[in-house]
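See structure below.
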Ligand code: DGJ
């Protein structure tokens with residue numbers, strides 16, 4: 001498991017190597033600071049007045065020395081303030097645009113101006129470098145460090161800031177962004193996402209016009225319910241899968257975020273991203289510093305597909321918990337039983353898990369609480385003791401039983417939450433986020449616990465810890481988070497309420513860090529009433545996420561398509577359920593595109609369905625190394641075509657798998673044109689073989705033939721998708 005939240009420490013790790021500094025005004029000189037990755041560069045430049053500006057954002061130049069010349073080409077027109085392309089724009093100075101930072105100084109003054117002091121570049125590994133630029137206000141004793149962490153081979157940059165208060169008294173940060181980018185192009189095209197329960201990751205794409213477009217969340221916990229922080233911006237024209245210049249951005253933060261996209265008066269794009277300053281003026285005491293979370297981005301001039309492959313590789317290599325490992329297949333009981341189960345039913349499900357051939361049984365909601373039993377979603381949250389009626393012999397006995405059955409055992413928890421009908425609520429009302437004197441207002445009949453409070457952090461950690469202490473063989477945690485924060489108030493923070501939203505997330509990260517320190521390898525699913533909380537802040541502790549409660553496979557094709565731009569398949573938990581009208585084969589084929597699971601009643605499957613499902617699990621076990629660690633190519637877009645096709649190819653280009661689905665069955669639709677493969681070696685020869693065939697059916701694809709990679713990528717192949725054959729999984733294998 002990678003080091004958790006290492007970014008907090010990097011500011012201290014800078015070596016003395018590569019230090020440049022600018023003395024007094026008399027020495028003022030132009031300094032160029034290129035922040036490079038394999039194909040991309042952000043060029044920062046210090047002008048004669050010590051302003052740090054972004055003078056270039058785009059394709060890398062062959063000769064580093066020429067970066068000094070790019071500023072002269074910039075025609076940003078009449079920029080009265082000279083601040084539009086500031087690398088970290090201040091408020092209350094001569095700046096006229098949206099600021100990255102706004103401060104009320106100890107003396108009440110609200111003006112800030114930052115000047116370049118020095119910068120350093122440190123190499124953390126062959127791939128990873130950190131550039132840190134120090135800025136200071138010449139009048140007030142406030143310092144900002146801008147950090148640019150580059151992942152060279154993946155073309156990914158993480159950018160964040162550290163704000164240090166050297167003034168004599170407390171200052172208030174009214175805005176404290178992580179990153180401030182500046183892009184030049186003829187036009188900018190934003191692809192953003194909106195959603196709600198069971199309709200996550202709905203894309204919208206439009207040209208950005210002058211003014212500010214804000215993507216944000218004020219929901220606190222289930223922060224992405226209406227909108228995630230991930231987005232794309234195409235330059236000059238909307239990028240397609242394989243063409244155009246596109247930048248992907250996302251904030252590594254599991255709470256309120258804010259991304260300002262401002263097309264300025266000179267038609268350039270200013271992007272300012274960070275924690276949302278909504279209801280959060282942040283008090284920084286004398287001598288203290290604030291580390292903001294990383295804003296990550298990648299850029300490609302080869303379209304959306306290339307950008308997504310870079311991000312997926314980066315995530316597996318550096319961010320996602322156990323990104324180079326594997327994942328467990330499972331049988332979950334939520335859709336199949338809801339809250340209605342008992343020990344003998346669960347024992348039956350353990351047997352079904354074994355019969356199906358998956359790795360693990362996952363016990364969902366409903367297993368806990370006695371005085372206020374968790375028999376529906378109105379009671380019990382907070383009381384994490386086994387329900388004696390449903391589980392008279394405790395969880396330990398079930399975990400043992402599952403080990404004896406030859407399957408692993410995982411469990412659902414929602415430890416950040418409390419039902420008013422619970423022992424915890426009566427015992428610790430001061431641990432609950434609510435406002436005295438106002439009626440309580442519920443989301444799914446529950447309230448949020450105050451994770452800003454260290455005692456609550458101990459409690460939440462204890463929920464997980466005691467599960468493992470009691471049942472060391474417990475193999476997996478599904479961590480849910482169903483409520484947003486209403487009536488934000490922390491009894492613990494007393495008069496410092498403006499810290500609440502930030503301290504909540506920090507409290508959560510504290511708990512996750514403790515869990516990971518003690519249990520570094522246990523797989524954990526990040527769930528939030530579906531995909532209400534998916535971000536790379538949390539995914540450092542989680543091995544996978546639950547994209548949505550909507551498991552209708554037709555809907556999932558579209559959702560998984562959009563999620564895949566930002567997250568690797570191995571992190572995407574897909575379950576086969578009874579949602580939707582499609583046959584079992586279609587549902588399984590769709591779920592196989594990520595981490596496969598089942599949430600159906602196995603004992604009710606027909607003999608053919610059961611045989612199919614068991615064989616599919618075996619086929620998946622063979623294919624999953626390619627799906628988890630291979631490169632993903634989107635071949636046929638479900639939005640514009642009647643057939644969706646997605647392909648995964650291993651890094652040696654010897655094996656691949658193609659998933660094909662009919663998404664429009666009107667008027668006898670099917671794949672009219674051949675599907676052109678991608679990512680193969682043109683010179684190699686490959687066979688195509690359909691797998692996951694339903695019992696009694698045959699394939700139209702001749703598995704004995706071999707084709708060149710060139711043929712498959714130029715002429716394509718026919719997956720034979722039509723209303724009679726709505727999905728096909730095809731294995732691609734190099735023939736020597
Ligand atoms: C919401 C999750 O998204 C579901 O998968 C399930 O775990 C329920 N919560 C349980 O209450």
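Values in this text are rule-based calculations from the coordinates and carry no lab data. Predicted, not measured: the structure shown is a model, and the values here were computed from it. Note that we place each Cβ from the backbone using ideal geometry, even for glycine, and neighbour counts take in every protein chain shown.
Structural remarks
- The convex hull drawn around the Cα atoms of region 324-380, when projected onto a plane and averaged over every direction, covers 5.0 nm².
- Computed from the C-beta positions of residue 212 and residue 705, the FRET efficiency with R₀ = 56 Å rounds to 0.50.
- Percent antiparallel among DSSP beta bridges (both partners in the chain, rounded to 5): 85 percent
- Cα centroid of region 408-435 to Cα centroid of region 513-542, whole Å: 19 Å
- Translational diffusion of region 92-175, µm² s⁻¹ [Kirkwood Rh, Cα pairs; Stokes-Einstein; 25 °C; 0.890 mPa s]: 173 µm²/s
- Considering region 35-154 at the alpha-carbon level, its Rg and Dmax are found to be 15.6, 49 Å.
- Peptides 480-492, 222-234, 192-204, 269-281 ranked from most to least packed by the mean count of surrounding Cβ atoms within 10 Å: 222-234, 269-281, 480-492, 192-204.
- Rg/Rh for region 598-736 (Cα atoms only, Rh after Kirkwood) is 0.97.
- Cα centroid separation - region 599-655 against region 288-350, whole Å: 17 Å
- From helices alone, the chain scores -6000 deg cm²/dmol at 222 nm; the rule is -39500 (n - 2.57) for each run of n ≥ 4 DSSP H residues, then divide by the residue total.
- For region 632-734: relative contact order, % (alpha-carbon pairs under 8 angstrom, 6 or more apart): 33 percent
- Highest-first packing order for the peptide set 247-258, 53-64, 555-566 is 247-258, 555-566, 53-64, based on the mean count of other beta carbon atoms within 10 Å.
- Over region 2-319, volume per residue of the alpha carbon convex hull, in Å³: 139 Å³
- Stokes-Einstein D for region 598-643, Kirkwood Rh over Cα pairs, 37 °C, 0.692 mPa s (µm²/s): 246 µm²/s
- Cα centroid separation, region 153-214 to region 363-385 (Å): 39 Å
- Sorting 341, 409 by the number of Cβ atoms found within 10 Å of their own Cβ, with the fewest placed first, yields 341, 409.
- Take 602-614, 163-175, 325-337 and order them by the average number of nearby Cβ atoms within 10 Å per residue, most first; the result is 325-337, 163-175, 602-614.
- Of the Cα atoms belonging to region 533-681, the radius of gyration and Dmax stand at 15.4, 47 Å.
- With only Cα atoms counted, the chain has Rg and Dmax values of 26.7, 85 Å.
- For the chain: relative contact order, % (alpha-carbon pairs under 8 angstrom, 6 or more apart): 10 percent
- The Rg/Rh ratio for region 195-264, using Cα coordinates for both the radius of gyration and the Kirkwood hydrodynamic radius, is 0.99.
- Region 421-505 gives an Rg/Rh value of 1.00, both radii derived from C-alpha positions and Rh following Kirkwood.
- Region 168-324 - percent relative contact order, Cα under 8 Å, separation 6 or more: 29 percent
- Here the Debye sum runs over all C-alpha atoms of region 452-492 as equal scatterers in vacuum, and log10 of I(q)/I(0) at q = 0.15, 0.17, 0.19, 0.28 Å⁻¹ comes out as -0.53, -0.64, -0.75, -1.05.
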